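Input: a single structure, listed below in structure tokens.
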Amino acid sequence: MRWLGGAILAGAALTGAARADETARDIGDAARGEGLFQVCASCHQVGEGAEHGTGPHLNGIFDRKVAQFEDFDYSLGILRARRDGMVWDLEHLDAYLTNPKTLVSGTNMEFAGLPDAQDRGDILAYLRRFSASPQNIPEAAPTALKQDVELAPEVLAMVGDPEYGEYLSTECTTCHQTDGEYDGIPVITGWLAEDFVLAMHAYKQKIRPHPVMQMMAGRLSDEEIAALAAYFEALE
């Protein structure tokens, strides 16, 4: 199956934060995560004296609002995620490390993602060392966060009918331009069908935070999402 996000074990709960019959486990192995972080270090700094580079520094990343730094030039996709109210909580950090472009359309982050949940957990455990308020990270039992979007192979393999997608698209095109022009609302023409399907199911499962898109995606069947994906992929 294809997963957006993944099962991550959140950090050890503060004394007394969980009931006596519940246990908490670490997000991952921070020492191993320090080594794995080298894949991120070409763009991001963390720790004492960290500064912005190609990407913003990652000190205090946990529970920080998206696009917080005024002195960093964020992509339009990240700025849109901020307007939608997204926060870098554990769930969204994991989803972003899984596949940045699935969580945030239009991000400038040129990183294919980490498919292995343990690798992601270890990196996040390392980054957590540099957050000022780790007690605010969701960590009370149950500590296994739910898997956000589960798509069976047959859903991803579904071939949509573009003519049906055009019929369904009228609600989409009241906001999204079909000529590829950006007017403050993201361009969805020319998207790969699989990316479109994953994004719509992410809204449907409420991992992407935009409430209007959550509502619209929630009304669509798998077949309708596939049809829309086929239609918009074919538009140049």
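The values are calculated or read from the model by the stated rules, or taken from the named source; none is laboratory data. In this text, all values refer to a predicted model and were calculated from it rather than measured experimentally. To get the accessible areas, we keep the full protein, side chains included, count just its heavy atoms, and leave off ligands, DNA and RNA. Shrake-Rupley method; radii C 1.70, N 1.55, O 1.52, S 1.80 Å.
Put simply, the amide H of Ser131, placed in the peptide plane, has neighbours under 5 Å in Gly60, leaving out anything fewer than 5 places away on its chain. For Arg64, the amide hydrogen comes within under 5 Å of the amide hydrogens of Trp88, counting only partners 5 or more places away or on other chains and with H modelled in the peptide plane. Each residue of the stretch 26-32 is assigned a 3J(HN,Hα), and the resulting list reads 5, 4, x, 9, 4, 5, 5 Hz, derived from the Karplus form 6.51 cos²θ - 1.76 cosθ + 1.60 (θ = phi - 60°), x at Gly and Pro.
Backbone geometry of the stretch 112-120 corresponds, through the Karplus equation with coefficients 6.51, -1.76 and 1.60 at θ = phi - 60°, to 3J(HN,Hα) couplings of 6, x, 10, x, 8, 4, 5, 4, 5 Hz, x marking Gly and Pro. Taking all protein chains as they are arranged and a probe of 1.4 Å, the heavy atoms of Trp191 leave approximately 50 Å² accessible to solvent.
Within the same chain, aspartates and glutamates fewer than 8 places from Lys206 are excluded, and of the rest, those with a Cα less than 17 Å from its Cα are Asp84, Asp89, Glu91, Asp94, Asp148, Glu150, Asp195, Asp222.
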